[in-house]
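Here the structure is laid out as structure tokens; the discussion comes afterwards.
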Amino acid sequence: DTIRSLASIQQNGFLQEGAKPVHWCLDCGSALADAEVEYEDKKSPAIDVGFSVSDTKALASALGFTHIYDPVFAVIWTTTPW
């Protein structure tokens, strides 16, 4: 279901690759400039986890890609690693 949802997001043109994140304001529905984003140093437990995609051909098909490079990983980041 997760892959199908991601494929739907990509097929509808809502997924794009960029060099920087776009900080989005949910209240006003627009992008925020870097100067508008308040950063505060905070220490918290966090981990990055990579999950290997076992069927890259099925993933490519679900996302509508004609080619996909191996290996493929789905990477998540969390501040609650328990």
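The values are calculated or read from the model by the stated rules, or taken from the named source; none is laboratory data. Computed from a prediction, not measured in an experiment: that's the story for all the values here. Every residue, glycine as well, gets a Cβ built from its backbone with ideal geometry; the counts of neighbours run over all protein chains shown.
Odds and ends about this structure:
Rundown of residues vs (1) without any contact (Cβ under 8 Å) to a residue 12 or more places away in the chain; (2) at positive phi; (3) small (G, A, S), yes/no style:
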residue	(1), (2), (3)
G13	yes, yes, yes
L26	yes, no, no
E36	no, no, no
S44	no, no, yes
A62	no, no, yes
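- Note on region 31-56: among residues that are closer than 20 Å to I9 by Cβ and modelled with pLDDT of 90 or more, the one that is nearest to the chain's Cα centre (by Cα) is F51.
- Selection count where residues are charged (D, E, K, R), under 27 Å from D55 (Cα atoms) and not in a helix (DSSP H, G or I), scope region 1-21: 2
- Residue list for region 22-75, restricted to those being among the hydroxyl-bearing types (S, T, Y) and part of a loop (DSSP other than H, G, I, E, B): Y39, S44, S54, T66, Y69
- Enumeration of residues in region 1-32 that are among the hydroxyl-bearing types (S, T, Y) and within 25 Å of L63 (Cα to Cα): T2, S5, S8
- Screening region 1-53 for residues that are in contact with a Ser or Thr (Cβ under 7 Å, 6 or more places away or on another chain) and of a type in the set (G, A, S) and picking the one that is surrounded by the fewest Cβ atoms within 10 Å (Cβ to Cβ) gives S44.
- Residue check, W82 part of a strand (DSSP E or B) and either modelled with pLDDT under 90 or of a type in the set (D, E, K, R) (or both): no
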